[in-house]
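Below you'll find the structure, written out as structure tokens, and then a few comments.
The values are calculated or read from the model by the stated rules, or taken from the named source; none is laboratory data. Remember, predicted model here, so these are calculated numbers, not experimental data. Cβ coordinates were reconstructed from backbone atoms using ideal geometry, including for glycine residues, and neighbour counts include every protein chain displayed.
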Amino acid sequence: MIAAVVVLIVIAFVLFIFAATGIKIVRPFQQGIVEQLGRYKGTVGPGLKLIIPVIQSITRVDMREQVVDVPPQEVITKDNVTVTVDAIIYYEPTDPQRLIYNVANFLMAITKLAQTNLRNVIGEMTLDDLFTSRDNVNVTMRQVLDDATDKWGVRVVRVEIQRIDPPIDVMNAMHEQMKAERTRRAVVLEAEGTREAAITRAEGERQAVILGAEAIRQKAILEAEGEAQAIQAVADAERYRLLTVADGEAEAVRSVYGAIHDGNPTPDLLAIKYLEALGTVADGRATKIFLPADLSATLGSLGAIAELFTGEAPDAGGESEAPPAPAEDPPQAD
């Protein structure tokens, strides 16, 4: 009885172990390759999977993006410079069946493939192009590796050149070249700054001269206009004064002559006024005095005045004889 119980316990334990061996769990980021008696049966997705122990087996394949660090290696550039290059490869499986059956050691295969293609790609570039064209190297390497690993069920996402180390002497020469280039740029920038400053200063001086000349011109114009307006105002005032004086004198003359005409002057009064006028003319600073040509009437008036003062009267029936008129031109008194 005890032996039977032991046998049953052993059988139950064996069945438990057998069942536990047939239960497999595939995680969400994995896919399973199911093989039956050494032959490919199918690909299963994530979840709980039951297989027949011993007869069937399942191989899990991680479908997440993976990273492969390519070991540093020495590569000779086109200009015969030996550099040490370190690269990183990012890939993701696309077909777990081909990844399992088409390549024995995928990590070693893609590492060696990357190293050989780095030699080919960098060997066609100079050192300067290598430093300035890393993106071109990355794109070229990704295309080459993606084409080569397509039959392995893998897609190369990107390739990154992590480090490029030239020899020490080349590095020192590059530092000297960079220093010289930066010194040249500094000198060029300083020269350009000095030139721009000189141009700006000259433009400012030119603008100042133009503005000064314009100010002087405007000042001269305004002064000329002011002087013209002042002269015009003075001339208008003088003209007004002359017109006023002339009007006053004309009015005075009209008043005098009106009074004379109203008083009905006699010839002897006119002769006396004539003599007073001659005296006034002769009293000036002129060296020559021109007497009027019609002197006979004046002399006749003088004779009449003389007779008036002497008390002699002309005959009643006749006229007083006038002195003879001079035959020559009127004399000139110096």
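Looking only at strands (runs of 3 or more DSSP E) that lie completely in the range 15-72, which have at least 2 residues being under 18 Å from Pro93 (Cα atoms)?
30-36, 39-44, 56-62
Any residue at all in the range 282-289 that is in contact with a Ser or Thr (Cβ under 8 Å, 6 or more places away or on another chain) and either surrounded by 10 or more Cβ atoms within 10 Å (Cβ to Cβ) or modelled with pLDDT of 90 or more (or both)?
No, because not a single residue in the range 282-289 is in contact with a Ser or Thr (Cβ under 8 Å, 6 or more places away or on another chain) and either surrounded by 10 or more Cβ atoms within 10 Å (Cβ to Cβ) or modelled with pLDDT of 90 or more (or both).
Just to be sure, is Arg39 at negative phi, surrounded by 11 or more Cβ atoms within 10 Å (Cβ to Cβ) and more than 60 Å from the chain's Cα centre (by Cα)?
No; evaluated as a whole, the condition is false for this residue.
Out of the residues in the range 17-28 that are modelled with pLDDT of 75 or more and among the hydrophobic types (A, V, I, L, M, F, W, C), which is surrounded by the most Cβ atoms within 10 Å (Cβ to Cβ)?
Checking each candidate, the answer is Val26.
Have a look at Arg201, Arg142 and point out the one that is closer than 28 Å to Asp79 by Cα and of a type in the set (D, E, K, R).
Arg142
Please enumerate the residues belonging to the range 108-155 that are among the small types (Gly, Ala, Ser) and either farther than 28 Å from Met174 by Cβ or surrounded by fewer than 19 Cβ atoms within 10 Å (Cβ to Cβ) (or both). I'd like the intermediate steps shown before the answer.
Just the residues of the range 108-155 that are among the small types (Gly, Ala, Ser), to begin with: 109, 114, 123, 133, 148, 153.
Those that are among the small types (Gly, Ala, Ser) and either farther than 28 Å from Met174 by Cβ or surrounded by fewer than 19 Cβ atoms within 10 Å (Cβ to Cβ) (or both): Ala109, Gly123, Ser133, Ala148, Gly153.
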